[in-house]
1. Here are some residues: HIS15, HIS94. Which one is in a helix (DSSP H, G or I) and more than 16 Å from the ligand (Cβ to nearest atom)?
2. Just to be sure, is ASP60 within 16 Å of the ligand (Cβ to nearest atom) and acidic (Asp, Glu)?
3. So in the range 97-123, with the set limited to residues that are among the hydrophobic types (A, V, I, L, M, F, W, C) and under 13 Å from ALA69 (Cα atoms), which one is farthest from the ligand (Cβ to nearest atom)?
4. Return the residue satisfying two criteria in turn: it lies in the range 125-142 and is over 14 Å from ALA69 (Cβ atoms) and among the aliphatic types (A, V, I, L, M), and of such residues it is farthest from the chain's Cα centre (by Cα).
5. I need the full set of residues from the range 26-37 which are surrounded by 16 or more Cβ atoms within 10 Å (Cβ to Cβ) and either of a type in the set (A, V, I, L, M, F, W, C) or within 11 Å of LEU129 (Cβ to Cβ) (or both), in order please.
6. Scan the range 52-77 for residues that are surrounded by fewer than 19 Cβ atoms within 10 Å (Cβ to Cβ) and part of a loop (DSSP other than H, G, I, E, B) and jot them down.
7. So which residues in the range 86-101 are over 24 Å from ILE47 (Cα atoms) and small (Gly, Ala, Ser), if there are any at all?
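Read-outs throughout are calculated quantities, based only on the coordinates presented, and are distinct from any laboratory measurement. Owing to the predicted nature of the structure, the values given are computational and were not obtained by experimental measurement. Quick reminder, even Gly has a Cβ in these numbers, built from the backbone with ideal geometry, and neighbours come from all protein chains shown.
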Amino acid sequence: MFDIRELYQEVIVDHNRNPRNFGKLEDANKTLDGYNPLCGDKLTLYIKTNNNTIEDISFDGSGCAISVASASLMTDIMKGRKLDEAEALFNKFHHLITSDEELDITELGKLAALAGVKDYPARVKCASLCWHTLHSVIQGDAAPVSTE
Ligand code: ZN
């Protein structure tokens with residue numbers, strides 16, 4: 001029988017083993033560090049913006065499978081997005097992993113694979129670390145992000 005949960009697991013395993021957009025972005029005009037002390041996840045986000053658009057984005061660092069997969073999926077979906085679109089996606093993703101309310105998540109695509117962390121509060125921080133870091137970059141914060 002087709003098991004949707006298994007498919008979601010595969011997405012996470014795949015993006016953890018082969019993270020997309022991994023490595024320093026040489027022509028980034030914004031970088032910010034994020035840290036999740038609860039799990040030990042560390043990442044640096046590199047973003048190249050132009051005309052309020054994310055032209056390119058990458059990350060590096062080290063962390064658990066959930067944090068790496070989330071950053072890989074997030075950077076994939078953010079390329080070419082306007083900053084206000086990126087913020088709307090941030091809000092949607094945050095809702096996906098913290099709320100039981102029904103939500104149209106078609107726009108989030110494969111990020112739906114991370115919905116399961118909702119049941120594990122410690123894992124929510126792993127999944128949301130890169131998102132909070134991106135949100136801070138967009139807000140213009142210069143201080144490193146910590147989930148604590
Ligand atoms: Zn983690």
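1. On the way: HIS15 fails: more than 16 Å from the ligand (Cβ to nearest atom).
Going through HIS15, HIS94 in turn, the sole match is HIS94.
2. yes
3. ALA112
4. Among those residues, the one meeting the criterion is ALA142.
5. Within the range 26-37, ALA28, LEU32, GLY34, TYR35, ASN36 meet the criteria.
6. Listed by number, the residues that qualify are ASN52, CYS64.
7. SER99
A quick yes/no check of all residues on (1) without any contact (Cβ under 8 Å) to a residue 40 or more places away in the chain; (2) within 13 Å of CYS130 (Cα to Cα); (3) more than 10 Å from the ligand (Cβ to nearest atom):
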| position | (1), (2), (3) |
| --- | --- |
| ASP41 | no, yes, no |
| THR44 | yes, yes, yes |
| ASN51 | yes, no, yes |
| VAL68 | no, yes, no |
| MET74 | no, yes, yes |
